[in-house]
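Have a look at the structure below before the remarks.
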Amino acid sequence: MNRRGRLGSAALVLTLACSGCSGSAAVPKSATSNPTGPAHTALPIRPQVGGSAVPTALLPGMPAPLSPTDVWAADRPGLLAPAVRGIPERIYVPNSKSDTVTEIDPRTFKVLRTFRVGHEPQHVVPSYDLRTLWVNNDLGNSLTPIDPRTGLPGRPIAVRDPYNLYFTPDGKHAVVMASADRQLVFLDPHTMAVQKTLPVPCAGVNHADFAADGKTFVVSCEFSGQLLLVDTAGERVLRVLRLPTRPGKMPPMPQDVKLSPDGQLYYIADMMSDGVWLLSARQFTLRGFVSTGKGAHGLYVTRDSRQLIITNRDEGSISLLDFATHRLVAKWRIPGGGSPDMGGVSPDGTVLWVSGRYHGVVYAIQLATGKLLARIRVGNGPHGLAVFPQPGRYSLGHTGIFR
């Protein structure tokens, strides 16, 4: 959620089955000691024919997946692309209220430098080719490039309303989530020159992820409680879905979007519904809901593709969801409270790095146990931090969606 006002939305009520959470052998014993209470769980999911996650016909120019059953197979520890070898591992933190970026050494938990960028930086986004990090200066109407080999910023490029930034799986386009302008703006991925502007029928476009075949992508609209299905090559909106209001909750406010490893589902974090929606990737219909915690916000896949990490910003907790069962298997609260927002997983998969949006800090959390390893002071309003480099052959944008 950014600084703009919340717009109300009418919604239908969806009734889903209710079930308790269960443990999972994929999680260390210490991680299953404190699962959440009852959760609204998913409706039955029909397996795909042949168990294949990725259709044979892909978006032209898109690299073929490493696995036919796991879209995240390229994100295993050690699978660093040639373009990032030798780049020092750093945590890049955009401080939205300070107009700065802070760089952290993850080995020492020490701040290396802080430098000024444009007005209200929201996210630090790895480029498709992994050679540049782009700081999204939303109110400054600019993108500041960072050279990840030196950690130093370059000359800003003028781009309107760059709240968030993505890249199509074929590498042909950058896509700006122009939240205030109600547009998706397709750009040259290197020069950031505008190629096409697509008005959208919703308010607050902010997060996205791409289908297993790359031909479509789903966009969340936080201020109108809607989801968009967008044709990647055709650059047009195919369908619009309004999320229902859950009983006893405020109207929905969808945030981060993440595709399941098998490519069948999208998980949609919803801050006002306090959990994640399950959306069929094929039918673009809701399949269920899982309660995770107040202010569900950021979504990240573990390096073994077994679990989804959810940051619950409004209650200062992290939840783990098992992809195989669609149930929560752990929940960790940040000692003393916190506001975990956006971040990423360390290259070896052992640490979750996440910004503390309302506390001016960054958290380092051990994924095997949920232990808080460090709380590092940064600027005001830290938001979409990026862990870089990470495994993966190319970046789809945001704080690091690598495939």
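The values are calculated or read from the model by the stated rules, or taken from the named source; none is laboratory data. All figures in this text were calculated on a predicted structure; none of them were measured in a lab. Neighbour counts are summed over all protein chains in view; Cβ atoms, including those assigned to glycine, are modelled from backbone coordinates with ideal geometry. Side chains included, ligands, DNA and RNA excluded: accessible areas come from the protein's heavy atoms. Shrake-Rupley method; radii C 1.70, N 1.55, O 1.52, S 1.80 Å.
Please get the size of the charge dipole for the chain, origin at its Cα centre, with Cβ charges of +1 on Lys and Arg and -1 on Asp and Glu, quoted in debye to the nearest 20. Intermediate values should be presented prior to the final figure.
Details: 42 positive and 29 negative charges, 104 e Å.
Dipole of the chain, to the nearest 20 debye: 500 debye.
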ARG131 versus ARG85: modelled label distance in nm, points set 7 Å from Cα along the beta carbon direction:
1.7 nm
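Taking Cα pairs under 8 Å and at least six residues apart, what relative contact order does the chain come out at, in percent? Spell out each step's value before the answer.
Details: 1208 pairs, mean separation 76.0, N = 403.
Result for the chain is 19 percent.
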Please give the residues of the stretch 150-184, grouped as numeric ranges, whose backbone N is less than 13 Å from a label point set 7 Å along the Cα-to-Cβ vector of ARG113.
150-155
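Could you order LYS331, LYS172 by accessible surface area, starting with the largest, using a probe radius of 1.4 Å?
Values: LYS331 25, LYS172 115 Å².
Ranked list, largest accessible area first: LYS172, LYS331.
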Take every Cα pair under 8 Å in the stretch 234-284 that's 6+ residues apart, average their separations, divide by the length, and report that relative contact order as a whole percent.
27 percent
What's the whole-number percent of alpha carbon pairs in the chain lying beyond 26 angstrom?
47 percent
By the scheme Lys and Arg +1, Asp and Glu -1, what is the net charge of all other residues having a beta-carbon under 14 Å from that of ASN141?
-4
Nearest-10 value in Å² for the accessible area of HIS119, using the 1.4 Å probe
90 Å²
Going 7 Å from the Cα of ASP105 along its beta-carbon direction, which residues of the stretch 361-386 have the amide nitrogen within less than 20 Å of the resulting point?
362-365, 373-379, 386
For the stretch 106-113, take each phi angle, set θ = phi - 60°, evaluate the Karplus expression 6.51 cos²θ - 1.76 cosθ + 1.60, and give the result in whole Hz per residue in order, putting x for glycine and proline.
x, 6, 9, 6, 9, 6, 8, 6
Simple spin-label estimate for GLU235/LYS249, 7 Å along Cα→Cβ, in nm, reads 3.5 nm
Sketch the reach of a paramagnetic label on ASP147 as a point 7 Å from Cα along Cα-to-Cβ, and name the residues of the stretch 362-403 whose backbone nitrogen lies under 18 Å away.
389
I want the local charge near LYS294. Using Cβ-Cβ distances under 12 Å, sum +1 for each Lys or Arg and -1 for each Asp or Glu among the other residues.
0
Do any trypsin sites (Lys or Arg not before Pro) in the stretch 50-119 lie in a loop, going by DSSP, with at most 16 other beta-carbon atoms within 10 Å of their beta carbon, and if so which?
ARG85, LYS97, ARG107
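Can you give me the relative contact order of the stretch 300-403 as a percent, contacts being Cα pairs under 8 Å and 6 or more apart? Intermediate results must be reported in sequence, preceding the final value.
Details: 238 pairs, mean separation 18.5, N = 104.
Answer for the stretch 300-403 is 18 percent.
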If Lys and Arg each add +1 and Asp and Glu each add -1, what is the summed charge of the other residues whose beta carbon sits under 9 Å from the beta carbon of GLY392?
+1
